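*Asks:* There's a structure below that I have some questions on.
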Amino acid sequence: MANSYPGFSLGESLTAEQKSFFNTNGFIHFKNFITPETVDSIVKASLEVQHNWIEKGVDKVNGVPIKYGQDLDGSTLVQRFAFINQHHSTFSGLLLDPRLKGLFELAGADARLGENEKDGMVFNHYVNGPDSKFTKMGWHTDGLRDLFYGKKLNPMLNVGIHLSNLKPENGGLRIIPGTHKQNLYQMLFRKKYFMDHDNDPNEVAIVPEAGDLTVHDGRLWHRVAQSSIVGEQSRRRVIYIPIIAGKYAPKNEHSPTVFYQRFAGLVK
């Protein structure tokens, strides 16, 4: 597959072409899911949550560690928010968009938004500066976490809502199309989880504009490439919310930190 792919438009139901593309490749990219005004309101809301969490010294939400870092001016910033939908109405309201339900059939029967499960709605804020703590993420599959939970490997999709205009040099999501159909051995051992950051000859760069939405299968090998640009132009923000199936497993303030999250320190 060439390092380019079609962009689609998301309605309240998927077309046969869209379903065929996703089933073949394990990902799909929808253009202009939200407006520039909505993007701005989401970024503003994230800064409000950040201020509250820094002020209160929040280090975990529902057992999930919060990743802090330093901004370009030396100030503290939150670089990975978990369950942010539980902390601001702008984020919880975003989940009410009826078009999201149209994606459920890609995960099979009983699919739902994981707004209270796994890590909930995650907000990632990357910036490549001298003191950054969160600039890239090595190769991994999202399906591995189910094994750490001691659960059956259930269908899972990761829905990304992109809040920045990116070019390939900005880094960002890289996927290996078709690997959602691999066997369990390949899912476990094709790459060194989180340690391997090398380019793959079959990888495709996901290059969104602010307001776009992407979906990738949780079994798909993917990574987050580091920006080759340093400074303000490297800044990028993205939301991820899982679509999951299987037994309902909500988290709360008493939920433990699971083993795989110890690998968070490898993400720099």
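Residues are listed down the side, and each one gets a yes or a no for (1) among the hydroxyl-bearing types (Ser, Thr, Tyr); (2) farther than 24 Å from Leu47 by Cα; (3) under 17 Å from the mean Cα position of the chain (by Cα):
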site: Leu157; (1), (2), (3): no, yes, yes
site: Leu163; (1), (2), (3): no, no, yes
site: Arg190; (1), (2), (3): no, yes, no
site: Met195; (1), (2), (3): no, yes, no
site: Ser234; (1), (2), (3): yes, no, no
site: Lys247; (1), (2), (3): no, yes, no
site: His254; (1), (2), (3): no, yes, no
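*Asks:* Would you pick out the residues in the stretch 52-94 that are in a loop (DSSP other than H, G, I, E, B) and closer than 20 Å to Glu115 by Cα?
*Replies:* Scanning the stretch 52-94 gives Val58, Asp59, Asn62, Gly63, Ile66, Ala82, Phe83, His87, His88.
*Asks:* Next question. Considering every residue within the stretch 230-237, establish whether at least one is of a type in the set (Lys, Arg), touching a residue at least 40 places away in the same chain (Cβ under 8 Å), more than 21 Å from Phe8 (Cβ to Cβ) and not in a strand (DSSP E or B).
*Replies:* yes
*Asks:* Related question: Answer with yes or no whether Gln186 is without any contact (Cβ under 8 Å) to a residue 24 or more places away in the chain, closer than 27 Å to Pro6 by Cβ and either touching a helix residue (DSSP H, G or I) at 6+ places or on another chain (Cβ under 6 Å) or not small (Gly, Ala, Ser) (or both).
*Replies:* Judged against the criteria, Gln186 is a match.
*Asks:* Let me ask something additional. For the stretch 201-231, give me each residue that is touching a strand residue (DSSP E or B) at 6+ places or on another chain (Cβ under 8 Å) and under 28 Å from Gly74 (Cβ atoms).
*Replies:* Those that are touching a strand residue (DSSP E or B) at 6+ places or on another chain (Cβ under 8 Å) and under 28 Å from Gly74 (Cβ atoms): Ala210, Val224, Ala225, Ser227.
*Asks:* Sticking with this one: Condition check: loosely packed, with under 14 Cβ neighbours inside 10 Å, part of a loop (DSSP other than H, G, I, E, B) and charged (D, E, K, R). Does Glu37 satisfy that?
*Replies:* no
*Asks:* With the checklist (1) surrounded by fewer than 12 Cβ atoms within 10 Å (Cβ to Cβ); (2) more than 20 Å from the chain's Cα centre (by Cα); (3) charged (D, E, K, R) in hand, flag the one item Lys44 doesn't pass.
*Replies:* Going through the list (1) surrounded by fewer than 12 Cβ atoms within 10 Å (Cβ to Cβ); (2) more than 20 Å from the chain's Cα centre (by Cα); (3) charged (D, E, K, R), Lys44 breaks only (2).
*Asks:* State the number of residues belonging to the stretch 122-143 that are assigned to a loop (DSSP other than H, G, I, E, B), at pLDDT 85 or above, within 19 Å of Val49 (Cα to Cα) and in contact with a strand residue (DSSP E or B) (Cβ under 6 Å, 6 or more places away or on another chain).
*Replies:* Of the residues in that region, 0 qualify.
*Asks:* Does Gly11 satisfy being farther than 28 Å from Pro168 by Cα and either among the basic types (Lys, Arg) or at pLDDT 95 or above (or both)?
*Replies:* Spelling it out, it is not the case that Gly11 is farther than 28 Å from Pro168 by Cα and either among the basic types (Lys, Arg) or at pLDDT 95 or above (or both).
*Asks:* Return the residues of the stretch 157-188 that are surrounded by fewer than 23 Cβ atoms within 10 Å (Cβ to Cβ), aliphatic (A, V, I, L, M) and part of a strand (DSSP E or B); say none if nothing qualifies.
*Replies:* If the condition is that a residue be surrounded by fewer than 23 Cβ atoms within 10 Å (Cβ to Cβ), aliphatic (A, V, I, L, M) and part of a strand (DSSP E or B), then Val159 is the only one that fits.
*Asks:* Condition first: among the hydrophobic types (A, V, I, L, M, F, W, C) and buried (at least 19 other Cβ atoms within 10 Å of the Cβ). Can you find one or more residues in the stretch 56-64 that meet it?
*Replies:* Yes: the stretch 56-64 contains one or more residues that are among the hydrophobic types (A, V, I, L, M, F, W, C) and buried (at least 19 other Cβ atoms within 10 Å of the Cβ).
*Asks:* I'd like the full set of residues that are at pLDDT 95 or above, among the small types (Gly, Ala, Ser) and surrounded by fewer than 17 Cβ atoms within 10 Å (Cβ to Cβ), limited to the stretch 98-118.
*Replies:* Residue satisfying the conditions is Gly102 alone.
*Asks:* Then there's this: Which numbered condition in (1) touching an Asp or Glu at 6+ places or on another chain (Cβ under 6 Å); (2) farther than 24 Å from Ser13 by Cα; (3) among the basic types (Lys, Arg) is the only one that Arg99 fails?
*Replies:* For Arg99, the exception is condition (2).
*Asks:* Which is within 16 Å of the chain's Cα centre (by Cα) and touching a residue at least 60 places away in the same chain (Cβ under 8 Å), of Glu117, Glu105, Glu12?
*Replies:* Glu117
*Asks:* Shifting gears a bit: Residues in the stretch 243-252: is at least one modelled with pLDDT of 95 or more, surrounded by fewer than 14 Cβ atoms within 10 Å (Cβ to Cβ) and not in a helix (DSSP H, G or I)?
*Replies:* Looking through the stretch 243-252, at least one residue is modelled with pLDDT of 95 or more, surrounded by fewer than 14 Cβ atoms within 10 Å (Cβ to Cβ) and not in a helix (DSSP H, G or I).
The values are calculated or read from the model by the stated rules, or taken from the named source; none is laboratory data. Nothing here was measured: the structure is a model prediction, and the numbers come from that model. Using ideal geometry, Cβ is built from the backbone for each residue, glycine included, and neighbour counts are taken over all protein chains shown.
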